[in-house]
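Peer 1: The structure that follows is given in the form of structure tokens.
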Amino acid sequence: MDELKFYVDRLAEGKEERLTLDLAPDFISVSEEELKFCDTVTVSLRVYVASDDLIIHFSLETQVTQACAICNEMFSHKLLIDDSCYTKSLSSIRGRVYDSSNCLREAILLELSSVVECCDGHCPERKYVEKYLTLSGTGNGEEVDGVQPFKDLDFPLN
Ligand SMILES: [Zn+2]
């Protein structure tokens with residue numbers, strides 16, 4: 001993606017490039033049945049060279065459409081990466097041009113949670129599955145991990 005390419009030679013002598021872009025989500029190239037990116041990705045970048053590395057500071061924001069872990073309905077929620085930093089050694093940059101869409105894509109995929117719940121964690125169907133959910137050690141009851149399907153075999157009171 002051309003807007004996200006940085007020319008190492010233009011960053012000589014301590015020059016830096018700063019830009020803010022609204023990008024189509026295509027560069028993430030993820031479209032699965034339970035995970036989609038349909039909205040604009042707003043990204044701000046600051047790029048410079050420090051000794052033998054290209055340094056990329058960035059923040060980005062977009063919407064992710066994912067299936068709720070409880071009701072399985074697709075819903076959108078905000079994905080925000082605030083002030084992340086990526087380092088790439090200059091010797092590994094072929095042709096002295098670095099396409100930062102790679103590092104942005106990687107950061108987005110790392111930030112994703114595979115277990116998400118609609119309605120800000122208050123899925124309307126939660127009450128039907130609540131008895132199958134283990135309360136977490138911190139007692140906030142928000143954990144969807146650790147499902148123990150056999151733990152309620154002793155006829156729960158409700
Ligand atoms: Zn739900």
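Peer 1: For segment 52-78, give me the residue count where each residue is β-branched (Val, Ile, Thr), crowded, with 20+ Cβ neighbours inside 10 Å and over 14 Å from residue 122 (Cα atoms).
Peer 2: So the first thing to find is which residues in segment 52-78 are β-branched (Val, Ile, Thr), and the list is 55-56, 62, 64-65, 70.
Cutting the leftovers down to crowded, with 20+ Cβ neighbours inside 10 Å gives us 56, 62, 64, 70.
Now narrow it down to the ones that are over 14 Å from residue 122 (Cα atoms): 56, 62, 64.
Qualifying residue count for the region: 3.
Peer 1: Please find, within segment 80-95, the residue that is farthest from residue 64 (Cα to Cα) out of those that are of a type in the set (Gly, Ala, Ser) and free of Cβ contacts under 8 Å to residues at least 12 places away in the same chain.
Peer 2: Taking segment 80-95 as the starting set, the residues that turn out to be of a type in the set (Gly, Ala, Ser) are 84, 89, 91-92, 95.
Add one more test, that the residue is free of Cβ contacts under 8 Å to residues at least 12 places away in the same chain, and what stays is 92, 95.
On the way: 92: 31, 95: 33 Å.
My answer is 95.
Peer 1: Could you run through segment 50-70 and say how many residues are modelled with pLDDT of 95 or more and in contact with a helix residue (DSSP H, G or I) (Cβ under 8 Å, 6 or more places away or on another chain)?
Peer 2: Matching residues across segment 50-70 total 7.
Peer 1: Please go through (1) loosely packed, with under 13 Cβ neighbours inside 10 Å; (2) closer than 30 Å to residue 8 by Cβ for residue 107 and return the number of the only condition it doesn't satisfy.
Peer 2: With respect to (1) loosely packed, with under 13 Cβ neighbours inside 10 Å; (2) closer than 30 Å to residue 8 by Cβ, residue 107 is out only on (1).
Peer 1: Among the candidates 53, 26, single out the residue that is under 24 Å from residue 113 (Cβ atoms) and of a type in the set (Asp, Glu).
Peer 2: Working: 53 fails: under 24 Å from residue 113 (Cβ atoms).
Checking each option against the conditions leaves just 26.
Peer 1: Check 134, 87, 138 and return the single one that is modelled with pLDDT of 90 or more, hydroxyl-bearing (Ser, Thr, Tyr) and either out of contact with any helix residue (DSSP H, G or I) (no Cβ under 7 Å at 6 or more places or on another chain) or not assigned by TED's automatic domain parsing to the domain that holds residue 18 (or both). Let's see the steps before the verdict.
Peer 2: Details: 134 fails: modelled with pLDDT of 90 or more; 138 fails: modelled with pLDDT of 90 or more.
87 is the lone residue from the list that is modelled with pLDDT of 90 or more, hydroxyl-bearing (Ser, Thr, Tyr) and either out of contact with any helix residue (DSSP H, G or I) (no Cβ under 7 Å at 6 or more places or on another chain) or not assigned by TED's automatic domain parsing to the domain that holds residue 18 (or both).
The values are calculated or read from the model by the stated rules, or taken from the named source; none is laboratory data. Everything numeric in this text was worked out from a predicted model, so none of it was measured. Cβ atoms come from the backbone with ideal geometry, glycine included; neighbour counts cover every protein chain shown.
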